[in-house]
Every structure is written in C-alpha cells, then in structure tokens.
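Structure, as structure tokens:
Quick note: the coordinates plus some simple rules give every number you see, no bench work behind them. Remember, it's a predicted structure, so these values are computed and weren't measured experimentally. Methodologically, a virtual Cβ is constructed for each residue, glycine included, from the backbone with ideal geometry; neighbour enumeration extends over all protein chains shown.
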Amino acid sequence: MARKNRDEFNEADAASEPVFCPLCERVIPDDEIDAHHLIPKSKGGKKTVGLHRVCHDQIHAIFTDSQLAKNFSTIEALLEDPTVQKFVAWIKSKPPGFSDSAKETRSGRGRK
C-alpha cells in the first residue's frame, strides 16, 4: 500500500486507497476524514490536508485561526507544539475509528 504524502489531500483519493493522518499516523476511515486548511480559509488559505476528525477538532480547540496562520501552518510546526505532541501520544493508541470530543488544552489558546 502506498502512503499518501502528508501535504496532499484529495477527497477522490480517499475512497481508493488508505489515507494516513499526518498527525497521528493512523489510517483514517472514510467517514472520519476532515480536510484541514493549513492556513485557515478565514486567513486566505486554500491548501488542505486530510486529518482524522478527532485530530482536526483538537487542533482547532488548541489554536485560534490567527495562531494557525501565523505559527502553525505546516504539519511539522503543529507536531513541534508540546500540547499537540501530548495529544498525539494519547491518540496513537486508539483504533482508527475512535472519536472523542476535543478538549481545550490551554487557557487563552482555544478557538474564539
């Protein structure tokens, strides 16, 4: 099985071969895939990556759109954040279809 590039997401491809979440590296079930704008649409972003819905929700619970656009517009930058690292360490042990509510993890860092 070929692994999709973490920076290339195409919804048509999602049905044809497994898509791996670039954050947690688990296979994303078809009904759990979300397109994440690396730079939020509200800040002019167009490029997306496919993420688990739970991973996507968690990113938006931690960061504001301004923070995402300014400091976290790549998967690598997201993975350098200690709160994201803690979340990824926890979620990696869960089955691919696992879902949970996103938790605001830092005061003042949550989405407005």
- Using θ = phi - 60° and the Karplus form 6.51 cos²θ - 1.76 cosθ + 1.60, what ³J(HN,Hα) does each residue of region 32-38 get, whole Hz, x for Gly and Pro? 10, 8, 10, 8, 9, 6, 4
- Message: Apply the a/c threshold of 1.5 to the C-alpha gyration tensor of region 13-106 and tell me whether it is rounded, prolate or oblate.
- Response: oblate
- Query: If you count, for each residue, the other Cβ atoms within 10 Å and average over each peptide, how do 70-76, 92-98, 33-39 line up from highest to lowest?
  - Reply: 33-39, 70-76, 92-98
- Task: Using the Karplus curve 6.51 cos²θ - 1.76 cosθ + 1.60 with θ = phi - 60°, work out ³J(HN,Hα) for each residue of region 53-62 in order, rounded to whole Hz, and write x for Gly and Pro.
- Result: 4, 5, 5, 4, 4, 5, 4, 6, 7, 8
